[in-house]
Amino acid sequence: MAYLELQDLTKHFTKRAGLFGGERQIVKAVDGVSLDIEKGEILGLVGESGCGKSTLSRLIMQLITPTAGSVVLEGERLADLPKAEIRQRRRDFQMIFQDPYSSLNPRMTIYSTLVEAIATRHPNILQDKSAAENAVSELMERVGLDPRFIRKYPHEFSGGQRQRIAIARALGPEPKLVLADEPVSALDVSIQSQILNLLRQLSEELGLTMIFISHDLSVVRYIADRIAVMEKGKIVELQQAEALFDSPSSDCAKMLLDAIPQIRA
Amino acid sequence: MPLLEVEDLKTYFHTREGVVRAVDGVSFDVDAGETVGIVGESGSGKSVTCYSLLKLIPQPPGKIEGGRAMFDGKDLLALSESRMRAIRGKRIGLIFQDPMTSLNPYLKISTQLIEPLLLHESLSKSEALDRAIKELDAVGIPEPEKRIHSYPHEFSGGMRQRVMIAMALITRPEILIADEPTTALDVTIQRQVLDLIKTRQDELGTAVIFITHDLAVVSEVCDRVNVMYAGRFVERAPVADLFSAPRHPYTRALQRSIPAMQEKGEQLYTIPGLPPNLAQPIDGCSFAPRCEFSGDNESCHSGGQPQLVEASPEHWVQHCRGCVEV
Ligand SMILES: Nc1ncnc2c1ncn2[C@@H]1O[C@H](COP(=O)(O)OP(=O)(O)O)[C@@H](O)[C@H]1O
Ligand SMILES: Nc1ncnc2c1ncn2[C@@H]1O[C@H](COP(=O)(O)OP(=O)(O)O)[C@@H](O)[C@H]1O
Ligand SMILES: [Mg+2]
Ligand SMILES: [Mg+2]
């Protein structure tokens, strides 16, 4: 049994089109996706913008309800669970976004942001100030942030450091699955490498399962075990990362590979 | 003679934290029709370098402290605002990462495209509209005679990028400054935009100054490259040379940190430390504190900036004795 199974997962949006919004158009954002993800695996998800990557991750996160199909975690169909139980399970799933700045609350110190994240799993920590500070400092160290900065605000950090804060916040609830949606796309090369090293190290140390979404195939090749290629809401290819680079079979994968700028020495 | 010749450009920002030396004595030139790259991490001064040439620096807090930028016999840095207006958007065009920086959301594309033509070329309105439709066609907008009457939000992201390029090129500028035009785009759209810039450049003979932090993009589009670090150009070389024989430790470190250059599963190389605070004066080589070749720093350059020296034909590097061989 796979750790996470997506069974024929589908999400259609209705869009009003035409001059007076009279015509209805169906956008098949995710169109029958079936995938098995093993525990501890890093799965890369690639595809052109608009192919449905973010919608798929929102379905997995239970942020939107599928039109059809289901998400099965360790053999349990999530849609069958009671609401309260789903809320409990949601802690197991955390997201990291491309733009750490807009996803962090500018008015909250690093301490408040992280303590809130930890408290979703350990609510008692709010009663014990020194335990809370210790837990936050530990979390900061885990992602390579100096705990001296615990009282600072997001704007006082560089882009790379803010992405570390966002990663720390995602790790606070001790998730089992992390969905990273373009987590390094906005960063400079040298900072990208730091964050990629961190994510890989964390997935090993904590046994995290990760879905890593990116339009940059060279980054995905480096970090992912397997790569799924998505086109118009469907998975059109799934291969070991290296194999996909060596012998892509779908036209979509070939096109994405051809588009990557190459260093010509 | 080069089309544009920039010499010892210095742009500082006078802030409460001190004087930020954003551009600290930069020299480079651009020949007609070629593509010159400026590559460096964010905050290194790439945008400020180019905006200084067009008087687009907010003053205060910014101030051009010195230097010359000769374009067609005139020093751009010494031009009055009214004379600059005849050059900016006419003979030197500009495109950005976010097309909405140059497009007005409340005006139809037609109005925005013909404005520079009415302003600079005294065409009639219908002549200008004709030219604008041709330009949209040239950048690959389908049904241009219909789409020209749309507003910016009616275009997809990739199409908006094309409209911005059309707008920058409609006056047939001699130089196009492209400031990270593909940084936020996905690979396939990035590929289309890069190809489009190249095609139009070849058709019009425009020179391009291409700003980016992406070395792979640099290697594909540029003829010559300037590597910028902490407000200075630390290396300049023809593109093939820069990648086959990088000389400056910063360029070497930057190349080593590209994931595509490394084996899967191996720890990625990262540059230790952080770029210097530009509000503090930097003595000697700006990269020395992060440099892995400089050993005990004994032999590193001190006392002012290292000189740019021509280490091999057309390959210039800031000569820090500790770690650069020339
Ligand atoms: N809430 C929504 N309402 C209508 N259409 C949507 C909505 N969210 C996404 N879409 C559409 O679904 C498709 C897939 O979008 P998305 O999942 O964001 O793609 P990606 O993340 O791969 O760029 C797009 O055509 C998008 O316009
Ligand atoms: N208006 C401003 N006030 C103060 N500092 C500024 C201003 N604009 C830019 N700077 C500083 O100038 C430096 C170079 O910025 P910029 O040219 O935008 O970098 P790049 O384009 O390479 O990312 C940065 O350190 C930045 O903080
Ligand atoms: Mg998306
Ligand atoms: Mg910039």
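The values are calculated or read from the model by the stated rules, or taken from the named source; none is laboratory data. What you are looking at is a predicted structure, and each value in this text was computed from that prediction instead of being measured. Ideal geometry is used to build each Cβ from the backbone, glycine not excepted, and the neighbour counts take in all protein chains shown. We work out accessible area using only protein heavy atoms, side chains counted, and drop any ligands, DNA or RNA first. Shrake-Rupley method; radii C 1.70, N 1.55, O 1.52, S 1.80 Å.
List of remarks:
- Among A:Ala170, A:Ala117, A:Ala84, the residue with the largest mean-square fluctuation in a Gaussian network model of chain A, with springs joining Cα atoms closer than 10 Å, is A:Ala84.
- Each other residue within a Cβ distance under 11 Å of A:Gln25 adds +1 if Lys or Arg and -1 if Asp or Glu, for a net charge of +3.
- Couplings 3J(HN,Hα) for the range B:63-73, derived from phi with the Karplus relation 6.51 cos²θ - 1.76 cosθ + 1.60 (θ = phi - 60°), are 8, 7, 8, x, x, 9, 9, 7, 9, 6, x Hz, where x marks Gly and Pro.
- Exercise: per-residue mean of other protein chain Cβ atoms within 10 Å, B:259-266: 6
- Evaluated over the range A:1-148, the Cα radius of gyration and Dmax, each in Å: 19.3, 61
- For the range B:4-230, the share of DSSP beta bridges that are antiparallel, to the nearest 5, is 50%.
- Net charge dipole size for the protein assembly as shown [Lys, Arg +1 and Asp, Glu -1 on Cβ; Debye, nearest 20]: 1860 debye
- Remark: the range B:4-230 is approximated by an ellipsoid whose semi-axes, taken from the C-alpha gyration tensor as √(5λ), come to 29, 20, 17 Å, largest first.
- Solvent-accessible area buried by A and B, counting both chains, probe 1.4 angstrom, square angstrom: 2900 Å²
- Candidate lysines - alpha carbon under 21 Å from B:Lys146, same-chain residues fewer than 8 apart omitted: B:Lys108, B:Lys125, B:Lys134
- Separation in nanometres of the label points that stand 7 Å from Cα toward Cβ, at B:Met1 and B:Arg68: 1.1 nm
- Computed from phi, the 3J(HN,Hα) profile of the range B:141-149 under the Karplus parametrisation 6.51, -1.76, 1.60 (θ = phi - 60°) reads 8, x, 6, x, 5, 8, 5, 5, 8 Hz, with x in place of Gly and Pro.
- Cα-based reach from A:Lys11 at 23 Å (exclusive), listing lysines while leaving out same-chain residues under 8 positions away: A:Lys28, A:Lys53, A:Lys83, A:Lys232, A:Lys234
- Cα-centred dipole magnitude for chain A, charges only on beta-carbon of K, R (+1) and D, E (-1), debye, nearest 20: 960 debye
- For the range B:233-248, Karplus couplings with θ = phi - 60° (6.51, -1.76, 1.60), whole Hz, Gly/Pro x: 8, 8, 7, 9, 7, x, 4, 4, 4, 4, 8, 8, 9, x, 10, 7
- Here chain A carries DSSP beta bridges of which approximately 60% are antiparallel, counting only pairs with both residues inside.
- In chain A, helices alone account for a calculated mean residue ellipticity at 222 nm of -10500 deg cm²/dmol, with every DSSP H run of four or more residues adding -39,500 (n - 2.57).
- Å² of accessible area per residue within the range A:4-258, as computed with a 1.4 Å probe and no ligands counted: 46 Å²
- Cα centre as origin, Lys/Arg/Asp/Glu Cβ charges: the range A:1-105 dipole, Debye: 560 debye
- Fraction of accessible area attributable to carbon and sulfur, the range B:4-230 (%, probe 1.4 Å): 50 percent
- Binning the alpha carbon pair distances of the range A:4-258 at 5 angstrom intervals from zero yields the distribution 1, 6, 13, 16, 17, 16, 13, 9, 6, 2, 1, 0, 0, expressed in whole percent.
- Beta bridges by DSSP in the protein assembly as shown, antiparallel share as percent, to the nearest 5: 60 percent
- Applying Stokes-Einstein at 20 °C and 1.002 mPa s to the Kirkwood radius of the range B:5-110, computed over alpha-carbon pairs, gives a translational diffusion coefficient of 141 µm² s⁻¹.
- Projected onto their three principal axes, the Cα atoms of the protein assembly as shown cover extents of 76, 69, 47 Å, largest first.
- Over the range A:108-265, the alpha carbon radius of gyration divided by the compact-protein estimate 2.2 N^0.38 Å works out to 1.21.
- Local electrostatic count, B:Arg160, Cβ distance below 11 Å [Lys/Arg +1, Asp/Glu -1]: -1
- Accessible area per residue (1.4 Å probe, heavy atoms of protein chains only) ranks B:Met1, A:Met61, B:Met70, A:Met1 as B:Met1, A:Met1, B:Met70, A:Met61, with the largest value leading.
- Taking 13 Å as the straight-line reach from the Cα of A:Lys176, the aspartates and glutamates in range (excluding those fewer than 8 positions away in the same chain) are A:Glu38, A:Glu41, A:Glu74, A:Asp92, A:Glu204, A:Glu205.
- Counting Cβ atoms of other protein chains within 10 Å of each Cβ in B:207-216 and taking the mean gives 2.
- Summed residue charge, Cβ within 10 Å of A:Gln161's Cβ, Lys/Arg positive, Asp/Glu negative: +1
- Annotation: amide H-H contacts under 5 Å for A:Glu237 (H modelled 1.01 Å from N, sequence separation of 5 or more, or interchain): A:Val229.
- Counting Cβ atoms of other protein chains within 10 Å of each residue's Cβ and taking the mean over peptide B:188-195 gives 4.
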